[in-house]
Every structure is written in structure tokens, then in C-alpha cells.
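Data first, discussion second: the structure below is written as C-alpha cells.
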Amino acid sequence: MIPTQSALETLAVHAGREELMALGVHALPIDLSSTYPIRDLQEGGEALERMALGGEDKSNPIYARLYNPTVGRFEEALAQLEGAEAGVAFASGMAALTACLLAAKQKGNHVVAVRPLYGGSDHLLASGLLGLEVTWAEADGIREALRSDTCLVIVESPANPTLQLVDLEAVVIQACGVPVLVDSTFATPVLQNPLKLGAAMVLHSATKFLGGHGDVIAGAVATSQAWATELRKIRVITGSILHPLAAYLLHRGLPTLPLRVRAAQEGAKFVAARLVAHPAVKAVHYPGLPGEDPAGLIGTQMKGPGSLMAFDLGTFEMAQEVMANVKLMTPAVSLGSVDSLIQHPAALTHRVVDAAAKTKSGISAGLLRLSVGIEAPEDIWADLEQALAKASVAAMQKAAVLETVAP
Ligand SMILES: *Cc1c(COP(=O)(O)O)cnc(C)c1O
């Protein structure tokens, strides 16, 4: 048993592993069964019915789309890290968001969402695919956007990709009782616990920090038993449960989550300070920098500024050259891995977002998003610095050519 009131570091190591001793094993077992023996037809049928309605039946899983013990242990661990009654894991972050929207839609047809959101989340909402009407609001305009049929308020903090922080307690107050979904992917349970601030559901693209090693696609929601029941019901109906191998990798990585998040955060502080001082960089968005956290949410809502940042190089060409010239870090979408990743939101992750919304959110042509890994901060900066130098030379050469051909 884990002592109650254990610190996050202790929970990260032990949560979800409570039954291993009784099972006589030390490492997490992976159960790959797609189906399970029916011991008794009457009991089996009743178990299936319970799970089809969103209940759990660990002793009678019936079929792996309904329940899987390897997934169940990871869900229990995540719930404990978020201080939630329950966790529900999905095949991807987008599958998790889809389930949250479908669960909420049972109470109304309207959603209020605060931009910027992850490009895929923006796309899902803007597509109208789920039959929900969406009002895009500023974080301080949520109350005015509410309707009698509003079923959910959606915010992301820190927001992808501009690192804007949203005051979650203020959002919950403005939502006037409408459930608030917080995408806390950038923060992880190490830096922020939105349920404690009144959110109804916390969503993680577990593909990112929770996985942490760039080898899993997964999503997870931490929430109340009541919401979890609805989410599991939708997961059974739509078939979006997480694969047990992915659940194993996620759970295996949890013990080092606090270490990884803090190490990457130290690296990010170092890199952000140097970016600010670099002549080619027009602006740096990192919640740990002076002026980037006007509401003072670091130290209250969030335990630290995290390891993501965005910086503006003024032009698409400069951003393109930097991405093309990094050697240590990988030019790639995704984030929260042990290795540093750099990408261009306007061309990639947020490509499908409405053009005017992109401009309004500051997703400009010269903006790069950097996810700092746990490499030595000096090495990350050396790589970025040499790429910035090459990009600056290329820009000067181009300007010189333009000058010679000018009439
Ligand atoms: C990546 C991401 C998602 C989507 O998650 P997938 O696992 O890629 O489906 C949702 N929200 C945020 C903030 C993300 O970064």
C-alpha cells in the first residue's frame, strides 16, 4: 500500500502497482488477450452489460475493447497523480478529446473554446464533425459566450503553441457551473493539477511527456467517477481503448516523469534566457521569462514554467533555415520527449487552423516551437546557436543578392 499523502515522486513510482505483490510479480504484467474465457454465461453476460454502460469489471473483462488490466493499472496511476477519482486511457489524445466531447454532448449541443488550442483539437472543433456548435472566446469572455445549451468549456494551459497561460480558477468561475475541460498536456501532473482548481476533466496527450520517449501514441483523461463512466461507455461504443503495450510503456515511464519534467525545465530556462539575448530572435514566449506570466500563475497555478517555448525569427525563411540546420535536436512535431524537438506551428501542427485565428493567436510565419529535452542545456543551446548563425548568414546572402539585382 502507498501511504496516503505520499509525495508526487512516490506516487509516480508506486501508483497503479498495488496488486503486483499479490500477483507475485515485480514488473508490470502485459496482458495481450483480445478475449477472455467466460466462466459462467449468466455472470459473463451481466459483466458485459455493466461495461457497455461504462462500468468496470476487472474480474470478468470478457473482451479487450471493454477492459484491459494493463491499461487499468496505468489509469489508476494517472488518477492518483492528478488527484482524480478515475483515469480513462485512449488510443490517442484526439480519441480522448473526441470521447470528452461526445460525453458532454449528451447534455447540450454547444461548446465554448479558448484559442489557441493544439491544431488537431482546433480542427476537430472547427470541422463540425461531431455536430457541436462552437463559440471561440477569449479567456476573459467565457461568461458572455455561454448559452443555455453549453455543455463544455475547453481551455489549454499552457497553450499550444504560444505558451499563453490561462487562469484556470478564473475560467471555472466564469463557466458558472458548466464543466471545464483542461488540456494539461504541456504541464503534466508534475507542474499542474487542474482538478484541484475546479476543472471537471483533465486531458493529456500521453504521447507527449507521459510517454516521454517518443514511442507511444496515447491519450488519457483524469476525472470524476461519473464522467469516467460516460467516457468508458463511449470508449466501448466507439472502440478507442488504449493498446496494452502502449499502456505498459506509459506506466513504465511514470516513475521518471518528475525527474524528466524538472530536468527539461532547467534546460528550457537556460535556452530561453539565451534566445532572449540573441540578435536574430524577435520575441521569446516562455512562461518563465519576465513579462510572459502577467497574471502571476507560475508558483500558484503551475509549479514551474515547463520545457516548451516558442520564438519568433521574423520571417518564414529564417525559421525554415533554423529547422533545416539543427543537428542535435530533431526537426519534428510532437513534444515532451527526452530529446529536444523543434517545429514550425504555422506550417505543421497548426496548419489547418483558420488563418485569421492563427494571426490573432500569434502563430506567425517566423514562429518556431521548441520542446527542450533532457540533454545538457549547453549542448542544446550550442546546436540552436549554430543553426541561428547559419540562418542569419543565409538571410544576409539573400539580401545581398536582392541588392545586386535591384535596378
Ligand atoms: C499532441 C496534442 C494533442 C493530441 O494528442 P495525440 O496523442 O497526438 O492525439 C492534444 N493536445 C495537445 C496540447 C497536444 O500537444
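The values are calculated or read from the model by the stated rules, or taken from the named source; none is laboratory data. This one's a predicted model, so the numbers in the text were calculated from it and none came from an experiment. Backbone-built Cβ (ideal geometry, glycine too); neighbour counts: all protein chains shown.
Some observations on this one:
- In the set (1) modelled with pLDDT of 95 or more; (2) surrounded by fewer than 22 Cβ atoms within 10 Å (Cβ to Cβ), A356 fails one condition alone, (1).
- In the range 189-200 there is at least one residue matching the filter, namely being more than 14 Å from F90 (Cα to Cα), polar (S, T, N, Q) and touching a residue at least 40 places away in the same chain (Cβ under 8 Å).
- Of all residues making up the range 188-209, the number that are more than 10 Å from the ligand (Cβ to nearest atom) and within 11 Å of the chain's Cα centre (by Cα): 3
- Which listed residue is within 13 Å of the ligand (Cβ to nearest atom) and of a type outside the set (F, W, Y), from A99, A86, A103: A99
- Verdict on E43 being over 32 Å from the mean Cα position of the chain (by Cα), loosely packed, with under 15 Cβ neighbours inside 10 Å and under 22 Å from N60 (Cβ atoms): yes
- Candidates L117, L102, L78, filtered to the one that is surrounded by fewer than 21 Cβ atoms within 10 Å (Cβ to Cβ) and at negative phi: L102
- Residue check for D122: of a type outside the set (A, V, I, L, M) and under 30 Å from K269 (Cα atoms): yes
- When A159 is tested against (1) at pLDDT below 95; (2) surrounded by fewer than 19 Cβ atoms within 10 Å (Cβ to Cβ), exactly one condition is not met: (2).
- Residue within the range 316-334 that is touching a Phe, Trp or Tyr at 6+ places or on another chain (Cβ under 6 Å), touching a residue at least 60 places away in the same chain (Cβ under 8 Å) and either farther than 26 Å from L195 by Cβ or not hydroxyl-bearing (S, T, Y) (or both) present: no
- Index of the failed condition, N160 passing every other in (1) within 16 Å of the ligand (Cβ to nearest atom); (2) more than 29 Å from A283 (Cβ to Cβ); (3) of a type outside the set (G, A, S); (4) in contact (Cβ under 8 Å) with a residue 12 or more places away in the chain: (2)
- Restricting the range 2-30 to residues that are outside any helix (DSSP H, G or I) and of a type in the set (A, V, I, L, M) leaves a set whose member that is nearest to E75 (Cα to Cα) is A15.
- For the range 248-365, the strands (runs of 3 or more DSSP E) that sit wholly inside it and include 2 or more residues that are touching a His at 6+ places or on another chain (Cβ under 9 Å) are 308-312.
- Leading residue by the ranking (farthest from the chain's Cα centre (by Cα)) among those in the range 309-339 that are buried (at least 19 other Cβ atoms within 10 Å of the Cβ), within 16 Å of the ligand (Cβ to nearest atom) and farther than 8 Å from L368 by Cα: M309
- Residues located in the range 340-370, provided they are under 30 Å from G128 (Cβ atoms), within 16 Å of the ligand (Cβ to nearest atom) and of a type in the set (V, I, T): T349, V352, V353, I363
- Residue count, the range 211-233 (criterion: within 16 Å of the ligand (Cβ to nearest atom) and farther than 23 Å from D167 by Cα): 10
- The condition of being farther than 25 Å from G219 by Cα, more than 18 Å from the chain's Cα centre (by Cα) and free of Cβ contacts under 8 Å to residues at least 24 places away in the same chain holds for only one of A365, A356, that being A356.
- The range 92-168 holds helices (runs of 4 or more DSSP H) entirely within its bounds, and those carrying 2 or more residues that are of a type outside the set (A, V, I, L, M, F, W, C) and farther than 15 Å from T349 by Cβ map to 93-105, 142-145.
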